[in-house]
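Encoded as structure tokens, the structure appears first; notes follow it.
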Amino acid sequence: MVCLGFDMVERLELWLVKWRIAFGCCVFLLFLSPVVGLRPLRDRIGSWGDEWLFSRRDGSDLGPFSQWNITGTYRGTWKFLDTANGSSKFPDIRKTNGNSVIELASTPTKITGVHYVQGVVIFHDVFDKEYNVGGAQIRIEGVYIWPFRQIRMIANSGKEGGLSQDDDYLLSNPYHLLGVFSSQVFQESSRDKMWRRKSSPLHDLEKHCNVEIAAQVSRMQSSKHEGGHDSFHLEGLMESPSVDDDGDCFSLLQLNASSVNVEAYYNKAVNYTLMVTFISFLQVLLLIRQMEHSNTQSGAAKVSILMVGQQAIMDAYLCLLHLTAGILVESLFNAFATAAFFKFVVFSIFEMRYLLAIWKANRPLSNGEGWETMRRELSVLYSRFYGILLGGILLMYEFHYYMRFILLLVYSFWIPQIITNVVRDSRKPLHPHYIIGITVTRLAIPLYIFGCPNNFIRIEADQRWCVYLTVFIGLQTTILLLQHYLGSRWFIPHQILPEKYSYYRRFAQNTSHAVDCVICMTGVDLSQRSNDCMVTPCDHFFHSGCLQRWMDIKMECPTCRRSLPPV
């Protein structure tokens with residue numbers, strides 16, 4: 001009886017152990033079934049994502065489940081794992097690695113542990129330069145299983161360009177929007193984007209291939225200067241099997257990307273706008289100094305109107321660009337609107353006022369012909385200015401592939417002044433501080449955009465072009481400064497120079513009556529050896545100092561009002 005009792009107890013304990021094991025398996029399956037059922041990827045034996053992801057999963061991450069919000073911008077690299085056969089269905093994809101940008105926006109769902117994720121993956125450096133089609137962009141959607149730190153996504157089946165309520169993040173992200181804005185302004189237009197899509201080797205990818213992505217999320221340690229914000233790292237695989245099961249479109253592609261600190265990017269943009277504002281303030285001071293240097297009719301007539309007009313058009317373009325960037329990115333509107341306002345002040349108030357002064361100085365006879373004539377000439381000036389402004393916008397839109405060459409032409413604004421100095425033989429039309437200051441301040445923006453490797457506009461740095469631009473405008477500045485100190489025609493051979501009028505020419509001496517200088521009302525020494533006497537082409541005599549000071553104000557004879565040649 002005792003042995004029978006022990007057997008009953010052992011059987012009862014064994015039955016309890018089996019029941020506990022079965023109950024534990026049921027609980028595990030109940031927990032796992034919602035996760036498995038929501039996988040957007042097709043199930044198959046030996047799936048390409050499962051073994052790779054679970055082999056890399058850190059068991060320590062599965063402690064107390066913390067709900068990570070992975071919404072953000074990620075920047076990293078891509079590469080084919082099989083470099084020998086990067087693409088079997090699309091042989092035009094000849095690159096094996098490159099850079100990528102991933103934009104993700106995740107929202108919680110009703111199922112615990114699962115977030116809905118959608119976004120965009122942008123692949124750069126996909127094709128050879130001969131195709132000239134740029135990178136590839138794929139819209140994706142899927143789920144983020146945050147207890148396992150896994151992302152499963154497929155290509156978005158929605159229409160291209162269609163936005164849902166979850167795309168508000170993509171529209172409000174300054175890193176994303178300014179990147180798109182800079183690519184549209186400096187690289188491509190909407191028409192070229194349509195042509196690129198039709199001529200791209202990836203145009204038929206959506207018809208013949210699926211896109212499946214499986215990635216693992218890991219948390220990165222945030223540094224002190226990041227303000228304790230969460231940073232994440234994505235590492236996963238991308239596969240694109242064909243729809244008709246005749247082979248994969250390309251071999252496995254590995255993605256590695258780290259989240260971008262948008263606040264740091266925001267700070268870069270704000271610092272840039274502060275730089276533009278400070279530069280605009282300096283340009284206003286330099287313009288005031290130059291306007292005081294040429295405040296007379298003669299001084300204003302020596303300044304090239306093309307030089308000032310070209311700089312005014314540059315500032316108008318910068319005003320429009322900064323204002324457009326501020327409208328696109330709502331969080332940066334105040335910063336960019338401030339920079340746009342200062343650029344508007346520079347070109348609409350000071351430079352346009354200087355243009356009017358130069359225009360009036362070159363037409364002294366029109367000032368006394370009445371208000372109707374003056375209004376007609378002012379309308380011609382404004383129509384030419386805004387016509388060139390709009391024409392330049394159309395020109396840059398049509399020839400945006402040659403944007404850097406166009407910028408070199410725009411930054412040749414000192415050349416009209418150099419030519420004017422040579423033709424008119426002008427004496428010191430520009431102040432040296434204005435020449436040097438404008439050169440330095442004009443170089444700041446293009447050197448930042450095309451020379452800084454970590455600029456916020458996401459344009460690839462080109463140090464060689466920056467060197468060309470610096471040397472080009474530096475050569476113009478050097479010639480202007482040498483014209484200021486050595487003479488406007490110092491680099492022109494004397495053999496080809498036109499004959500210049502000499503104010504110290506010989507004249508028929510007539511001693512029957514004395515000659516007075518009408519400027520200072522004192523007598524003039526008419527002896528041939530005197531250097532204090534200057535004779536105009538209309539045979540009027542003046543003191544040398546008196547006539548030179550007069551010609552700094554007006555290039556007219558004080559006696560008969562005829563035009564005077566340059567000294």
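Hey, rough spin-label estimate for residue 506 and residue 295, points 7 angstrom out along Cα→Cβ, what's it come to in nanometres?
Distance between the two pseudo-spin positions: 4.4 nm.
Between residue 349 and residue 288, what is the label-point separation in nm under the 7 Å Cα-to-beta-carbon projection?
1.0 nm
Quickly rank 390-403, 269-282, 463-476 as a protection proxy: mean count of other C-beta atoms within 10 Å, highest first. Walk me through the intermediate numbers first.
Working: 390-403: 12.9, 269-282: 17.8, 463-476: 14.4.
Highest to lowest by the protection proxy: 269-282, 463-476, 390-403.
Taking a 18 Å limit on the Cα-Cα distance, which of the listed pairs 302/554; 302/428; 428/554; 360/554 fall beyond it? Can you show the working numbers first?
Values: 302/554 11 Å; 302/428 8 Å; 428/554 15 Å; 360/554 13 Å.
Table pairs above 18 Å Cα-Cα: there are none.
Compute the length gained on full extension between residue 77 and residue 470: take 0.36 nm times their separation in residues and subtract their Cα-Cα distance, giving the result in nm to one decimal.
Details: separation 393, 0.36 × 393 = 141.48 nm, distance 3.26 nm.
So the extension gain works out to 138.2 nm.
Not counting ligands, DNA or RNA, and with a 1.4 Å probe, what is residue 331's accessible surface area in Å² rounded to the nearest 10?
60 Å²
Simple spin-label model, 7 Å along Cα-to-Cβ: residue 419 to residue 395 in nm?
1.3 nm
Which pairs, out of 95/343; 110/268; 79/268, put more than 32 Å between their alpha-carbon atoms?
Beyond 32 Å: 95/343; 110/268.
Using Cα pairs closer than 8 Å and at least 6 residues apart in sequence, work out the relative contact order for region 265-486, in percent. Before the final figure, lay out the partial values.
Numbers: 205 pairs, mean separation 61.6, N = 222.
Answer for region 265-486 is 28 percent.
For region 101-118, list residues with backbone N below 19 Å from a point placed 7 Å from the Cα of residue 263 toward its Cβ?
Residues passing the 19 Å test: none.
The values are calculated or read from the model by the stated rules, or taken from the named source; none is laboratory data. Computed from a predicted structure; not experimentally measured. Don't worry about glycine lacking a Cβ; one is built from the backbone with ideal geometry, like all the others, and counts go over all protein chains shown. Heads up: the accessible areas ignore ligands, DNA and RNA and are worked out on the full protein's heavy atoms, side chains in. Shrake-Rupley method; radii C 1.70, N 1.55, O 1.52, S 1.80 Å.
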